[in-house]
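The values are calculated or read from the model by the stated rules, or taken from the named source; none is laboratory data. These numbers come from a predicted model, not from an experiment. Note: ideal-geometry Cβ built from the backbone for every residue, glycine included; neighbour counts use all protein chains shown. To get the accessible areas, we keep the full protein, side chains included, count just its heavy atoms, and leave off ligands, DNA and RNA. Shrake-Rupley method; radii C 1.70, N 1.55, O 1.52, S 1.80 Å.
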Amino acid sequence: MEQLWMFSMFLLLLLSLSGVYFVKQLRLLRRCPPGPLPLPVIGIGWLTGFRLTPDLLVQLAKRYGNIYTLLAWNLPVIVLSGYKVVKHGLIDHADYFSERVETPFLRDLSKGKGIILSNGHTWKQQRRFGLVAMRKLGVGKTSIEIEIQEEAAQLVETFTHANGQPLDPLLPVTNAFFNLIAILVFGYRFSLEEENFQKLTDGINYGTRFMGSFSHVLYEVFPWLMSRIPGPHQKTLSHFKFIYDLVKEEIEKHKENQSLHEPRDFIDYYLLQLKRSKNEPSNTYDEDNLAACIVDFFIAGTETSATTLQWALLYITNHPDVQDEVYKEIQTNCSSGLICYQDRKKLPYTNAVIHEILRINYILSFGIARRCNKDMNMLGFYIPKGSIIVPDLRSVLLDTTQWETPEKFNPNHFLDKDGKFMAREEFIPFGAGARICLGEQIARMEIFLVFTNLLRNFRFQLPRGVKQLSEEPMNGLTVHPHSYKICAIPRHNAL
């Protein structure tokens, strides 16, 4: 009887605390932008399934407007949707929204080091150094174009060896973009068959698919429990431990064979900076930050560009008329010699096709989350300090008020009435404001040069019996196409 009474009192106390917590949530929600009603204990999990997806964000924006709140365990998640609101947030209020979100899993993953997930003085110093070092290594110059041309040539050779038979482009495309980062940071490239290349790319792919999953959400909510039990979260951490260990081994090799008087790669430049600034009290240069920066480069520089090119090959295979027009333009304007990045000015249609591929399938589920660093008001709504800010960049690239046919693949979005390429400020696949992608310039060069070299050498066709490749995305942290095969027919053999 006494045990029953104690259990009843415990249950009553639990219900009372849940009720008080629920009332606090409602009070907080009343001050923030509108959003769905959170339920006791599960919050908005009843609506989201404990994960955010691009389709869900679109539906919520239609219902609640272009700035709305998702209350997650007493923490407001403010979603910015559509071009005008996202621009207002990321550019006009850049000082408020420049910090990254710090969560239990992300802290375990990066320890607040590097560029992508760091904040404050660490972020400013590491990002500034990253920009300077990349310029010294030739990013934006002819020297880096030569490296990209060599990787494009390797990719052409790989496709040629397939002899027009059905080929899955995933691994060779990933290898090409992976090597461009490896050359910059390590000073050498990896072969397609090399074990470390396969382990590194497997780890990055697994990690990007884990982010945003139900298991990831559970880790963020119950880190003390999830860190002690097996699951996909442990496998992700194990993959990234391997990546960090490999990077640190490479740093040790560079220290043993120092070339600080003639730096060859990012590690050399960083070690030189570390030596120069060791007596500066406010410097954040150390080997942990170096390792984290390198991992950031591989994650941001391989996955995004490789996924973009996979989408590019899929779309031009599904749209042979577009492919033929690109080839015709290349042959007319660049019939001999290497295609250079400056040639994009002579290839307006080709440039428009590449931009449209980046627009129609933005390669992230949405923009990387920020954190509001001060209480503020935006567009008439109160946004409390500590709120998570999610800029939905996909919604900008599909904004019905900005694009003529937002859901349709249409290169004319980037062409004027005279057929000239037309830059558009609504085109922000690399982000905007203080946290704009560090590698935007090299990514644009890579995608243009690799894409044009492939289209110049091959006609891409569907395998026999296949009517169309699926354009439905697979959602994770990055938005991949479903696995597919295509036939790369050398142009002299093309029908």
If only one of Phe197, Phe177, Phe159, Phe242 is part of a helix (DSSP H, G or I), in contact with a strand residue (DSSP E or B) (Cβ under 8 Å, 6 or more places away or on another chain) and at pLDDT 85 or above, which one is it?
-> Phe159
The lone condition His413 fails out of (1) under 20 Å from the mean Cα position of the chain (by Cα); (2) in a helix (DSSP H, G or I) is (1)
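If we scan region 340-348, do we find a residue that is buried (at least 21 other Cβ atoms within 10 Å of the Cβ), modelled with pLDDT of 95 or more and of a type outside the set (D, E, K, R)?
Scanning region 340-348, I find at least one residue that is buried (at least 21 other Cβ atoms within 10 Å of the Cβ), modelled with pLDDT of 95 or more and of a type outside the set (D, E, K, R), so the answer is yes.
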Those residues of region 260-307 which are among the polar types (S, T, N, Q), out of contact with any strand residue (DSSP E or B) (no Cβ under 8 Å at 6 or more places or on another chain) and open to solvent by less than 30 Å² (accessible area, probe 1.4 Å) amount to Ser277, Thr284, Asn289, Thr302, Ser305
Any chance you could count how many residues in region 366-404 are of a type in the set (Gly, Ala, Ser) and open to solvent by 10 Å² or more (accessible area, probe 1.4 Å)?
-> 4
Filtered residue count, region 249-265, keeping only those that are outside any loop (DSSP other than H, G, I, E, B) and either farther than 15 Å from Val295 by Cα or at pLDDT 95 or above (or both) | 5
Just name the residue that is surrounded by the most Cβ atoms within 10 Å (Cβ to Cβ) out of those in region 460-495 that are at pLDDT 90 or above and in contact with a Lys or Arg (Cβ under 6 Å, 6 or more places away or on another chain).
-> Ile489
Thr452 versus (1) modelled with pLDDT under 90; (2) touching a Cys at 6+ places or on another chain (Cβ under 9 Å): which is the lone unmet condition?
-> (1)
Under the condition of being under 20 Å from the mean Cα position of the chain (by Cα), among the charged types (D, E, K, R) and open to solvent by 10 Å² or more (accessible area, probe 1.4 Å), which residue from region 422-459 is farthest from Ala369 (Cα to Cα)?
-> Arg444
For residues that are open to solvent by 10 Å² or more (accessible area, probe 1.4 Å) and not β-branched (Val, Ile, Thr), scanning just region 165-183, find the one that is farthest from Thr308 (Cα to Cα).
-> Gln165
Taking Gly120 and the conditions (1) in contact with a helix residue (DSSP H, G or I) (Cβ under 7 Å, 6 or more places away or on another chain); (2) at positive phi, which numbered condition does it fall short on, given that it satisfies the others?
-> (1)
Within region 218-239, which residues are open to solvent by 30 Å² or more (accessible area, probe 1.4 Å), in a helix (DSSP H, G or I) and farther than 18 Å from Phe178 by Cβ?
-> Leu218, Glu220, Val221, Pro223, Trp224, Leu225, Pro232, Gln234, Lys235, Leu237, Ser238
From (1) free of Cβ contacts under 8 Å to residues at least 12 places away in the same chain; (2) closer than 30 Å to Gly120 by Cβ; (3) of a type in the set (Gly, Ala, Ser), pick out the condition that doesn't hold for Ala423.
-> (2)
Breaking point among (1) open to solvent by 20 Å² or more (accessible area, probe 1.4 Å); (2) at pLDDT 85 or above, for Gly203 = (1)
Give the residue that is nearest to Leu218 (Cα to Cα), with candidates limited to residues of region 92-105 that are touching a Lys or Arg at 6+ places or on another chain (Cβ under 9 Å) and either among the basic types (Lys, Arg) or open to solvent by 30 Å² or more (accessible area, probe 1.4 Å) (or both).
-> Glu102
